[in-house]
1. When only residues in segment 281-318 that are among the basic types (K, R) and buried (at least 20 other Cβ atoms within 10 Å of the Cβ) count, which is nearest to D269 (Cα to Cα)?
2. Hey, could you check segment 90-104 for residues that are among the small types (G, A, S) and surrounded by 12 or more Cβ atoms within 10 Å (Cβ to Cβ) and say which is farthest from A33 (Cα to Cα)?
3. Do we have V68 as of a type in the set (V, I, T), touching a helix residue (DSSP H, G or I) at 6+ places or on another chain (Cβ under 8 Å) and farther than 17 Å from Y171 by Cβ here?
4. Just the residues that are open to solvent by less than 30 Å² (accessible area, probe 1.4 Å), over 23 Å from M234 (Cα atoms) and within 24 Å of the chain's Cα centre (by Cα), please, taken from segment 127-150.
5. For segment 351-360, indicate whether the set of residues that are outside any loop (DSSP other than H, G, I, E, B) and farther than 23 Å from M251 by Cβ is non-empty.
6. Mind listing just one residue for me: the one in segment 185-242 that is loosely packed, with under 15 Cβ neighbours inside 10 Å and hydrophobic (A, V, I, L, M, F, W, C) and, of those, nearest to the chain's Cα centre (by Cα)?
7. Within the group D177, D154, which residue is open to solvent by less than 30 Å² (accessible area, probe 1.4 Å) and closer than 27 Å to A225 by Cα?
Amino acid sequence: MNHKLAAPVPPLGWNSWDCYGAAVTEAEIRGNAEYMAEHLKDFGWSYITVDIQWYEPGAVSSLYRPFVPLVMDEYSRLMPAENRFPSAAGGQGFKPLADYVHSLGLKFGIHIMRGIPRQAAHAGTAILGTEATAREIAHTNSICPWNTDMYGVDASKEGAQAYYNSLFELYAQWGVDLVKVDDIAASRLYDTHQPEIALISRAIENCGRPMVLSLSPGPAPVEYAQHFTEHANMWRITDDFWDRWELLLDMFSRCRSWQGIPQAGSWPDCDMLPLGHIGVRSVDGGGDDRWTRFTRDEQLTMMSLWSIFRSPLIFGGELRDNDDWTLSLLTNREVLRMQRESHGAREALYRDELIVWTAAHDDGTRYAAVFNTSNSPLPVDLSLEEIGLGGAAAGTELWSQTPAELSGGGVLQTTVPPHGVRLYSLL
């Protein structure tokens, strides 16, 4: 099975982390899925993902509780906490919830940590499909620096592949469509965990169900681009991204270093969109329960950069609280068409506070995203020839739906607001 087929275009979806941290409940998952089905599915949004700690009964926020008991089956596999996910009762796991999400015409995703539960290693519990035990495959000095749940798996040990196979067989039975694996793409203690990425990639192939493989956190090293492309569908090019201008500004250099890498089935990931109502039960990113701290212009900048670069778009806010403005960011058909169908995205100009990205569409449409990274309005007289788009005779600014101001000499004239963007389609 070709893993590329799982994500021929960059995925669009929602993830529970930015609003609920480690403590999301089944009711909140169902509610956000219902909103997506009603308001976003028609625009191509499809994934609903339960983020970290769904196997921890006592999770309360984005703060991890060290060395707490986790719900686990007899084969060392973590299971949903029934007090938070009541439909998992009786050993059903996430199948009832996945079935519900599928009934809405959507896809279901889960987050897991790299490795095997420490409690399984300490108890020497069984692994399905092998005589080896959890203790024998655990790599006890391969740990996550910010979460105590797991030990890494030693890929050289008998039973290592069987363990990951058993996980993904279970997820296939549940009906999982996307798995976000954490503590794997980059590490503060170790290099990228390439052997475990390969084990997981093989386990997905073995399970017989197409699943998007998403790797976190970043920054994933660009020198490993080929390994990521061979084994995964999306991988984070940044550490956790939050609603702070300096993080958004930094993303321009990250996208610059990864330009040319996005391709069908393999998507460098700029991370989730911290938009709308976030921080409901999360204290990450230097804030708590809040509306996004990004200005409207910064929100347009983020959506434009992510979309022209062709990053996956994973919304982080509580969807049911969206206002008309936030919903409009997610339902601009022309912007989404660019994100889904364009090619050749590149940074065409970087001059002081002016950054321009361009891309093209097979139908002849060309795109230009004109960014102002300064704190003041920026008057722009931009030669289309200079950015490789000479010959364009007409255009539209996609967010405002206003005609582009083009002089006879092929000069684009506009004023870009502070931290803002003008995103054009040109013919």
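The values are calculated or read from the model by the stated rules, or taken from the named source; none is laboratory data. These numbers were taken from a predicted model, which means no experiment stands behind them. Here the Cβ positions follow ideal geometry from the backbone for every residue, glycine too, while neighbour counts run over all protein chains shown. Heavy atoms of the whole protein, side chains included, go into the accessibility calculation; ligands, DNA and RNA do not. Shrake-Rupley method; radii C 1.70, N 1.55, O 1.52, S 1.80 Å.
1. The qualifying residue nearest to D269 (Cα to Cα) is R310.
2. The selected residue is G93.
3. no
4. D149
5. Scanning segment 351-360 turns up no residue that is outside any loop (DSSP other than H, G, I, E, B) and farther than 23 Å from M251 by Cβ.
6. Per the stated criteria, the residue is V222.
7. It is D177.
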